[in-house]
Amino acid sequence: MTETRGTAGAPRSWEDLADRARAARERAYAPYSRFLVGAALEAEDGRVFAGCNVENASYPVGTCAERVALGHAVVSGARAFSRIAIVTSGAVPAPPCGMCRQALAEFGRGLEVMSVGTNGESVVWRLRDLLPANFSLERMAAPAETGS
Ligand code: THU
């Protein structure tokens with residue numbers, strides 16, 4: 001499910017990215033919620049990494065589509081991303097959940113996030129607006145030595 005930009009190098013449209021997310025949604029494993037989600041994460045080098053939600057009989061073990069796409073990207077060597085398209089089986093566009101916002105923010109809050117509902121509406125956000133203050137490595141700085 002990895003695809004590089006066409007040889008012509010034409011910019012990929014949001015609709016193309018949403019089509020990749022829609023194809024990933026076909027693979028969603030969501031027998032418990034029946035809420036199907038597909039995501040397509042575009043790396044800065046043009047590659048696209050797909051993900052779908054993968055649920056589990058032990059409910060908290062389930063994983064969201066966005067984090068499956070992110071893992072797919074990272075194991076393929078991509079760490080810089082420009083856009084993510086999310087397509088769900090819900091009527092209205094759904095933004096990524098808080099856990100996915102934090103996971104994506106690890107790699108930059110400039111990411112553009114588009115979600116599409118089955119009603120045909122789409123919304124685009126910047127990740128920094130969805131998660132204004134992520135927890136990050138800089139926040140883990142050790143306190144200065146007090147000497148005591
Ligand atoms: N889900 C996602 O895949 N992404 C989100 O950002 C929100 C929720 C999935 C998790 C679960 O399988 C189903 O949607 C219902 O919560």
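Observations on the model:
- The chain, dipole about Cα centre (Lys/Arg Cβ +1, Asp/Glu Cβ -1), debye to the nearest 20: 120 debye
- Calculated [θ] (222 nm, deg cm²/dmol) that DSSP helices of n ≥ 4 give over the chain, each run adding -39,500 (n - 2.57): -6500 deg cm²/dmol
- Projecting the Cα atoms of Ala73, Ser136, Gly110 onto the dipole axis of the chain, where Lys and Arg carry +1 and Asp and Glu carry -1 at the beta carbon, places Ala73 farthest toward the positive end.
- Distant-in-sequence amide contacts of Phe81, defined by a placed amide H-H separation under 5 Å and a gap of 5 or more residues or a different chain, comprise Glu44.
- Taking θ as phi - 60° and the Karplus parameters 6.51, -1.76 and 1.60, the scalar couplings of the range 12-25 work out to 7, 7, 4, 5, 4, 5, 5, 5, 5, 5, 5, 5, 5, 4 Hz in sequence order, x denoting glycine and proline.
- Solvent exposure ordering (accessible area, 1.4 Å, most first) of Ser122, Ser89: Ser122, Ser89
- Fraction of the pair-distance distribution of the chain above 18 Å, Cα-Cα pairs, percent: 57 percent
- Exposure rank, largest accessible area first [Glu138, Glu112, Glu55, Glu106; 1.4 Å]: Glu138, Glu106, Glu112, Glu55
- Taking other residues whose beta carbon is less than 11 angstrom from the beta carbon of Pro132, and scoring Lys, Arg as +1 and Asp, Glu as -1, yields +3.
- Karplus-derived 3J(HN,Hα) values for the range 123-139, using 6.51 cos²θ - 1.76 cosθ + 1.60 with θ = phi - 60°, are 10, 10, 10, 9, 4, 5, 7, 7, 9, x, 9, 7, 6, 9, 3, 4, 6 Hz; glycine and proline are entered as x.
- Derived scalar couplings ³J(HN,Hα) [the range 30-43; Karplus, 6.51 cos²θ - 1.76 cosθ + 1.60; whole Hz; x for Gly, Pro]: 9, x, 8, 8, 6, 9, 8, 9, x, 9, 10, 9, 9, 7
- The separation of the range 27-63 from the range 67-98, counted between C-alpha centres, amounts to 8 Å.
The values are calculated or read from the model by the stated rules, or taken from the named source; none is laboratory data. A quick note: this is a predicted structure, and the numbers were derived from the prediction, not measured. Note that we place each Cβ from the backbone using ideal geometry, even for glycine, and neighbour counts take in every protein chain shown. Each accessible area value is taken on the protein alone, full model and side chains, heavy atoms only, with ligands, DNA and RNA left out. Shrake-Rupley method; radii C 1.70, N 1.55, O 1.52, S 1.80 Å.
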